[in-house]
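Taking it in order: structure first as structure tokens, then the write-up.
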Amino acid sequence: MHTLENSSVIPQGWSWKICVLIAAVAVTVDLLFVQFPLVWLGAAGVLAVLAQFRSPVSGLAVVTFTCGLLNYSPFETGALARLYPGNVAIGIFLLAWLSRNTSSSPKSLFPTTVLNRPLVGLALVAPISMLLSRLHPDPEVTYAYPHSDVSWATAQISQLVLLAATLCIPFAVAAAIKRWKDVETVVMIVAVVVAIGTLLTAGGLIFGFGGSYAILGVTRAYWEQPWDSSMEPLTALCLPFLYAGVLFGRRSVSRYWFMCVLFALCLVGLVLTFSRETWLLGFCGLLLVSAAWFRSRVNPVFGLLIVIVVSVVIVFSAVIGLVSSFYNPDDVYGFERIYYYATALQLFTTHPLLGVGAGNYQFFDRSYEGKAAGGIAHNQFLTMGAETGLVGLVLLLWLVLALFKLRRQLRFLGEPGGDSHDWVKVAGSAFLLVWIAECFFQEAFFATAAAGGGMHVMTVIVYPWVFLGVLLAASNLSQRAMTIDN
């Protein structure tokens, strides 16, 4: 018995040395971190940059984590105060993508897809509308920021940079994905960010880090700029991928149970946003994926009976009363967006052809509404019509039609039950519809410098474009497999 006890512990000659070593390392790390935090931050930055150039997937992981969990600018004033670590990570990711393809032609960098033409059109109309606004500014509008020393020229340059980065992201992501395992990896990385954000938001509610905004009597967790602003749209956009993985990926997802855990955390995170928009988009995503699952496994007549029963239960329950309270001004906020919509429509009617210039809605809104200005219209279609006129609005609608074509391509690449990667196709089909629906609530497609925090909005906009790149890669992988089979 004595021998057995001694065999399970560290030898006496080494135990005190190990304890001293652990204590010394702990004290040293603690002192260095407290006394020289910039050194540690610099070392972490160097490691992040090296990871971005190590491989495309690791670079995309750095982008995902910095955009989702590091939404603080290290600068308090000046133009750099509107720059965030996520913006730098996106820039390095795109730079690494270009450096790997220095000898490639533009056609290989931007392979032909149904999205290319509308994206090129939008890339052209934005600078043209901005140039026109410079040549013919509105004399009744002040093109300046009352709370910042950032110039109009800087804002327009930022707008062009945001647009260029946005258009490049899906192609860079698609180029990073070489196999189906990479598709799963990228989705998992984004889901891990959502899971961490969910735990942080829950911690904020538990320890009282709530803000001043309340929905239905519940104070939302608000940390100035970080997790809640990223979690709101991201949970709803990520949910279809995780839910489809749970329903369709039992035999094809290599880390199936981990995906189930991530789905549960994402669902909790969606609830904790206390955002009507996010709840509605998340519900639509769950409904679309569930419909695909029922269609592949349940008799249509039985499925119709289920829908009828559920509808009757909803009508005779208290759900409708709860939903109606979403629009009760005494319980919620956000109805001031009606004024933002009216301003956007007014700008569209007074500047019908090319609008007031990309990113300039904020200046007109401030001149018209004063302190009640929102800076953005909270509607992608209205913002595009106000800033780029009828030309930009038509191009945006063309892009939406192109996304519907991409969705149809995903559907016809393999019907549910016939392909081991159906979970990606079902998720992509639902995601595209949810993303388009998000445009009615905010600027979901294109980041605008008019949004609060300057380039911070890019750290939120990046995620749907990453998912779009995943779908482009999935389409390429499926077409490549079909070509080999034929």
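The values are calculated or read from the model by the stated rules, or taken from the named source; none is laboratory data. Everything numeric in this text was worked out from a predicted model, so none of it was measured. Positions of Cβ are generated from backbone atoms using ideal geometry, with glycine treated the same way; all protein chains shown enter the neighbour counts. The protein model used for the area step is the full one, side chains on, heavy atoms only, and it has no ligands, DNA or RNA in it. Shrake-Rupley method; radii C 1.70, N 1.55, O 1.52, S 1.80 Å.
Values computed for the structure shown
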read-out	value
Every residue from the range 46-60 that is open to solvent by 20 Å² or more (accessible area, probe 1.4 Å) and part of a helix (DSSP H, G or I)	V46, L47, A48, V49, L50, A51, F53, R54, P56, V57, S58
Near pairs, Cβ below 6 angstrom, 6+ apart or cross-chain, from the range 192-210 (farther than 25 Å from L242 by Cα and part of a helix (DSSP H, G or I)) to any residue that is open to solvent by 60 Å² or more (accessible area, probe 1.4 Å) and modelled with pLDDT under 85	none
Selection count where residues are part of a loop (DSSP other than H, G, I, E, B) and at pLDDT 75 or above, scope the range 404-455	11
Condition broken by P137, with the remaining ones in (1) in a helix (DSSP H, G or I); (2) over 16 Å from the mean Cα position of the chain (by Cα) satisfied	(1)
Pairs, first under 13 Å from F467 (Cα atoms) in the range 161-179, second open to solvent by 30 Å² or more (accessible area, probe 1.4 Å) and not in a helix (DSSP H, G or I), C-beta under 7 Å, six or more apart	F171/F110
Only listed residue being at pLDDT 90 or above and closer than 30 Å to Q479 by Cα, chosen from L95, L122	L122
Leading residue by the ranking (farthest from C67 (Cα to Cα)) among those in the range 233-284 that are part of a helix (DSSP H, G or I) and touching a strand residue (DSSP E or B) at 6+ places or on another chain (Cβ under 8 Å)	R276
